[in-house]
1. Among the numbered criteria (1) surrounded by fewer than 17 Cβ atoms within 10 Å (Cβ to Cβ); (2) over 12 Å from B:Ile21 (Cβ atoms), which single criterion is violated by B:Glu72?
2. Quick one: would you say B:Thr254 is buried (at least 20 other Cβ atoms within 10 Å of the Cβ), in contact with a helix residue (DSSP H, G or I) (Cβ under 7 Å, 6 or more places away or on another chain) and among the polar types (S, T, N, Q)?
3. Against the definition (more than 8 Å from chain A (Cβ to nearest Cβ) and in a loop (DSSP other than H, G, I, E, B)), how does B:Gly100 come out, yes or no?
4. Give the residues of region A:169-182 that are hydrophobic (A, V, I, L, M, F, W, C) and either touching a Ser or Thr at 6+ places or on another chain (Cβ under 8 Å) or more than 22 Å from A:Val252 (Cβ to Cβ) (or both), sorted by residue number.
5. Residues that are under 20 Å from A:Leu22 (Cα atoms) and away from chain B (no Cβ under 14 Å): find the helices (runs of 4 or more DSSP H) completely inside region A:76-143 holding 1 or more of those.
6. Do any residues in region A:20-41 that are within 14 Å of chain B (Cβ to nearest Cβ) have Cβ atoms under 6 Å from those of residues that are assigned to a helix (DSSP H, G or I) and at pLDDT below 90, where the two are at least six apart or on different chains, and which pairs are they?
7. Just to check your reading of the model, which residue among A:Ala183, A:Ala267 is within 14 Å of chain B (Cβ to nearest Cβ) and among the aliphatic types (A, V, I, L, M)?
8. Looking for whichever is outside the structural domain of B:Arg188 (by TED's automatic domain parsing), of a type in the set (Phe, Trp, Tyr) and outside any strand (DSSP E or B) here; the options are B:Tyr119, B:Tyr67. Which one fits?
Amino acid sequence: MSAPSSLPSLPRVFRVRAGVELKEFFRQRESVVFTLMFPVILLVVFGAVLDYEIGGGVSFTQYFMAGVIAAGILGASLQNMAIGIATERSDGTLKHLAGTPMPKAAYFIGKVVQVLAVTVATIAILLVVGKVLYGIDLPSGTQWLTFAWVALLGSAACTLLGIAVSSLPKNGRSASAMVTPFALVLQFISGVFFRFDQIPEWMQTVAAVFPLKWMAQGLRSVFLPDALAAQEPAGSWELGRVALVLAAWVVVGLLLCVRTFRWRDRADG
Amino acid sequence: MQSCLLVSAPLDADADAAISIRGLVKRYGDRDAVAGLDLDIRRGEIFALLGPNGAGKTTTVEVLEGYRSRDEGDVRVLGQDPAAGGRRWRSRIGIVLQSGAGDSQLTCLELLRAQAAYYPDPRDPVEVLELVGLAEKAGARGRSLSGGQRRRLDVALGIVGKPDLLFLDEPTTGFDPEARRQFWSLIRSLRELGTTMLLTTHYLDEAEELADRVGVIAGGRLVEVAVPAELGGRQAAPAVVSWTEDGVRRSSPTPTPTAFVAELAGRFAGEVPDLAVTRPTLEDVYLQMIGQPAEEPAR
């Protein structure tokens, strides 16, 4: 046997995994259409249909912008991870990787890069389409900062949650059947499609458990004039609480991932 | 059939052993999936593990691959306990799973390049594609390949890291005979590169064709280990001469088939109708070992 050469460095393997994950996503027509383009289609359709003012000279589309970006983040992270990883678990990709000397962390780094790329692409397209088609007012000054931390924290929470949820369904198809309706209902009660203050109170309470409501709320502070904070059920944007709840979900999601992640299919023992 | 020859005495767990197993036990609930198994596989050897479904084949192999924990016993794979095998150890083994390597949007070459990046001293992905006969599919995506081509891709992924030891779990299930023959010649060329291989299979002809030694596993135990030609004392079993006489099919076991046929020839004064001389096939001895009801117990 020849002298042992050294194992490839972590950054190198991380780069390779990031490349793999980006290709896997952007080459798959279904994922590009449903995850990346679906929020854009929603924006185009809702912006055209729900053409009214929500008060203070602000259009519903301006309000919807915050919600649809939150929904886009949810799709790029929670839905994308839950369905993608469940599929890779049931088709043997994960088991195969676990049998190689790839450091396990590299798999998750690759996924995080994928989520970030898809999230940034989704947000960029939404902003451009919103501006060009509906004359959305883009954020300015420190609003960008709020935008960045809400998106980052929300996407971290939802990515971890998606990885944890991926262990529940039997395979990719049942993951899609499970996660898609859940996400849709969550969008309805979290103030994505309708004004959150007009949703029945008990639904608001349910929505407040999950991250989507808080992402949408945080993003409303970015896209709406401060005067409209009075319309919120709490009477303010509650940015501190937004940060707290999302951070709590990051911790919960991380614990769930560590406890539940499996490299092999349940049917496989 | 009584004279089961234990052809190869167990090796010492020395440096020559790629795999060494002593007293392996794996339980699922109160069922012993593997119930005390001993086995040594030499470096450079192709070893085939045969056995019916549920006999403990896959469980044993997955313990060796580090996928499963064990309940009892001592296991060494390339000198290390697979339960504690790190990246360095993993870089020396290759695994071709029954389930394959999963679906992908990447091309064959991209998949191999990514896989090669996990190993310290990989083979050239382009050369590996040539070796498995997929050179012209380098730019094709994994999912566009036929079943046989996908299996070759799985093998390519298994060997690109230049493993010292390759696990092949039922590599040719679902192949047509032509694809299976091509696959066999691929395995033979890997042997020439010095790779030790542990192969599990349902196909006796595959084991006979490829393996230096065969182990038959049944009920979680290794029933016998032998070279294929000698499994179950096959080479020493009496030949059976059969022919047709007075419109009746007749057969007789004999230790001296040549003399027997000569005598028959004298009796018939010329061609013996429907003459055949047979010895038990690998399948005959195998079925008997795994406890399937034999068709003619006392032949």
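1. Here B:Glu72 meets the rest and fails (2).
2. Taking the combined requirement at face value, the residue does not satisfy it.
3. No; evaluated as a whole, the condition is false for this residue.
4. Residues of region A:169-182 that are hydrophobic (A, V, I, L, M, F, W, C), as a first pass: A:175, A:177-179, A:182.
Result: A:Ala175, A:Ala177.
5. A:80-90, A:104-134
6. Final answer for the pair search is A:Phe25/A:Ser31.
7. A:Ala267
8. Exactly one of B:Tyr119, B:Tyr67 is outside the structural domain of B:Arg188 (by TED's automatic domain parsing), of a type in the set (Phe, Trp, Tyr) and outside any strand (DSSP E or B), namely B:Tyr67.
The values are calculated or read from the model by the stated rules, or taken from the named source; none is laboratory data. If you're wondering where the values come from, they're calculated on a predicted model, not measured in any experiment. Please note: Cβ atoms are built from the backbone with ideal geometry, for glycine as well, and neighbour counts cover all protein chains shown.
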